[in-house]
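The values are calculated or read from the model by the stated rules, or taken from the named source; none is laboratory data. This is a predicted model, so every value here is computed, not measured. With ideal geometry, Cβ positions are generated from the backbone for all residues, glycine too; neighbour counts draw on all protein chains shown. Ligands, DNA and RNA are stripped out before the accessible areas are found, and what is left, the full protein with its side chains, is counted by its heavy atoms. Shrake-Rupley method; radii C 1.70, N 1.55, O 1.52, S 1.80 Å.
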Amino acid sequence: MSVDVMATLRAFYAAEAAYLTEGAEFEGMAAHLAADVVMYQASSLPYGGEWRGHEGFRKFIAAMGENWDGLWFDEQQFLSDQNRVVVYSRGRLRARRTGRTLNTSLLQWISFRDGLITEFRPYYYDTSAVLATLTE
């Protein structure tokens with residue numbers, strides 16, 4: 001039985017947006033993550049670094065939630081093979097502290113194993129714009 005990684009990814013993104021925008025539970029995202037998932041974030045960001053496993057990812061997404069209180073995807077394009085997806089996302093984030101909205105885009109390299117996400121490697125269009133939006 002083949003696993004539809006695109007369905008997994010779309011369900012993850014919906015759960016991520018619901019977490020940041022509506023206060024949904026972490027478990028909505030965790031259902032799509034391998035136990036040994038790794039999130040890599042640019043070290044210059046307030047939530048930068050490597051976040052490992054479900055507990056690490058839970059801490060990462062909590063740090064995101066401390067900084068952002070809204071996430072909306074305006075466009076997403078996907079390139080996929082069996083176990084990897086490259087995603088172009090254009091969207092908006094609203095900064096919790098400043099109330100400002102960032103219109104931005106990023107690329108993500110996402111890996112899968114057995115239908116679950118094992119790795120995220122995001123590449124931001126402009127990390128300085130991210131920081132400026134978050135800073136008062």
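Details
- For the stretch 48-136: accessible area per residue (Å², 1.4 Å): 55
- Using a probe radius of 1.4 angstrom, the carbon and sulfur fraction of the accessible surface of the chain is 50%.
- Cα-centred dipole magnitude for the chain, charges only on beta-carbon of K, R (+1) and D, E (-1), debye, nearest 20: 300
- The chain: angle of helix 5-22 to the longest principal axis, Cα-based, in degrees nearest 10: 30
- The helix-based estimate of mean residue ellipticity at 222 nm for the chain, built from -39,500 (n - 2.57) per DSSP H run of four or more residues and divided by its residue count, is -10000 deg cm²/dmol to the nearest 500.
- Under the Debye formula (equal points on every Cα, no solvent term), log10 I(q)/I(0) of the chain at q = 0.17, 0.19 Å⁻¹: -0.91, -1.17
- Part-to-part distance (alpha-carbon centres) for the stretch 1-48 and the stretch 104-136, which is given in Å: 11
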